[in-house]
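See below for the structure under consideration.
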Amino acid sequence: MARPKNAAGSTLTTGSGGALNKSRTAASRTAAPGTGPSATGPSAAGPSAAGPSATASGLSRDGEAGFPLLTRGRPFAWLLLVTGVVSWLASGALVLDRLELYKDPNAITNCDLNPWISCGKVMATHQAELFGFPNPLIGVFAFAVIITTAMVLLAGGWMTRWYWIGLQTGVTLGMIMIVWLWSQALYAIGILCPYCMVVWAMMIPLFIWTTVRNLQHGVIPAPPGVTRFLADWAWVIVGLLYLGVAASIFFRFLNLFLGGGAG
C-alpha cells in the first residue's frame, strides 16, 4: 500500500514514529553550528565582546594604541605620580624650612649653600608669599591632587571631561606661576633656590604632557595638525625648555661660573 505524499511530493510519515523523526530533525537543525541565532546574536558580537571593562578604566581605551606612549592611561599615570611625588616632597621641604625661619629668622636652612644658592634668602623675599602665605603651601595641596589622580588612574579609574579640564587649568596656572617665580629668582632676587628648581624641573614635563594628553583625547579642541605636531615634538619641547632654563641660569650667573662674583 502506497504511503500518502504531500504537495511537494515527499512521503508523509504518520504515527508516533513520524513525530519522533520530526522532533529529531528539528533538534539537529537547532543544534547545527552556524545556522542558529547564537552565531550572530549578542553573545558573538554584542556588548560583552567589548564591554565596559575595555573602556571604563581609562587605561586601555579604544584608539589609544596610536597615541604617544605618555598620553596613554597607565604611562601617563606614572608620569603624574613621579612628577607629583618629587614636587610634593620639594614643596614639603620648603614648608618645613619656612616654619623653621618663622621660629628663628637667623636659622640656616638645609639648602643654604652660598650667597647665590639659598632657599632661606629666597623665602625672606615678598615674592615667596605671593598670596600672603608661603608659596610652597600651594604646592603641597596642588601636587597632592596630581598624586591622587595618578593613583586613581593606576587603580583603573576613569575621569570625565570636566575633571580633565579642571586638571589642565590647574597645571596651566601652576606653570604660569613657575615661569613668574623663575623670572623673579633670576632677574629680581638674583638668588637660586634648589628645591624651587626641582619643582621647575617637574612642572615642565607635567605641563607639556598633560596638554598633549588632553589634545589627543579631545578634551582640548584643536586642529588635527596641531595635535599631531605637539604629540610628535613633545619631548623636543621639553628638552628645549630645560635647555632654556639652564642657559638662562648660566648667563645670569656667568661671572659666578667664571670665578668672579654674581653680576
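With only Lys, Arg, Asp and Glu charged, each at its Cβ (+1 for the first two, -1 for the last two), find how big the charge dipole of the stretch 65-257 is about the Cα centre; round to the nearest 20 debye.
So the dipole magnitude of the stretch 65-257 works out to roughly 500 debye.
Residues with beta-carbon under 9 Å from that of VAL219, excluding VAL219: net charge, scoring Lys, Arg +1 and Asp, Glu -1?
Around VAL219, the charge tally is +2.
Specify which residue in the list MET175, ILE165, VAL122 is farthest towards the positive end of the charge dipole of the stretch 88-184, using unit charges on the beta carbon of Lys, Arg (+1) and Asp, Glu (-1), about the Cα centre.
Highest projection toward the positive end goes to ILE165.
Find the Rg to Rh ratio for the stretch 179-229, where Rh is the Kirkwood radius over alpha-carbon pairs and Rg uses the same atoms.
1.20
Sequence gap at least 6, Cα distance under 8 Å: using those rules, report the relative contact order of the stretch 69-136 to the nearest whole percent.
Contact order relative to length: 23 percent.
On the Cα set of the stretch 65-257, report Rg and Dmax in Å, please.
Just the Cα atoms of the stretch 65-257 yield Rg and Dmax of 17.9, 56 Å.
Apply the Kirkwood formula to the stretch 158-263: the hydrodynamic radius equals the inverse of the mean of 1/r over all pairs of different alpha-carbon atoms; give it in Å with one decimal.
15.5
List every residue whose amide H lies under 5 Å from the amide H of ILE117, counting only residues 5 or more places away in sequence or on a different chain, with H placed 1.01 Å from N in the peptide plane.
LEU192
Quick check: Cα centre of the stretch 148-203 to Cα centre of the stretch 211-245, how many Å?
16
Quote the relative contact order of the stretch 65-257 in percent (integer), defining contacts as alpha-carbon pairs under 8 Å separated by 6+ residues.
RCO, the stretch 65-257: 29 percent.
How large is log10 of I(q)/I(0) for the stretch 77-146 at q = 0.14, 0.20, 0.22 Å⁻¹ when the intensity is taken from the Debye formula with one equal scatterer per alpha-carbon?
Computed log10 I(q)/I(0) values: -0.46, -0.83, -0.94.
Could you rank the peptides 79-91, 123-135 by their average count of other C-beta atoms within 10 Å per residue, with the highest value first?
Highest to lowest by the protection proxy: 79-91, 123-135.
Readers should treat all values here as calculations from the given coordinates under stated rules, not as data from a laboratory. The shown structure was predicted, so the numbers you read here are calculated from the model rather than taken from an experiment. As a convention, Cβ positions derive from the backbone with ideal geometry for all residues, glycine included, and neighbour counts pool all protein chains shown.
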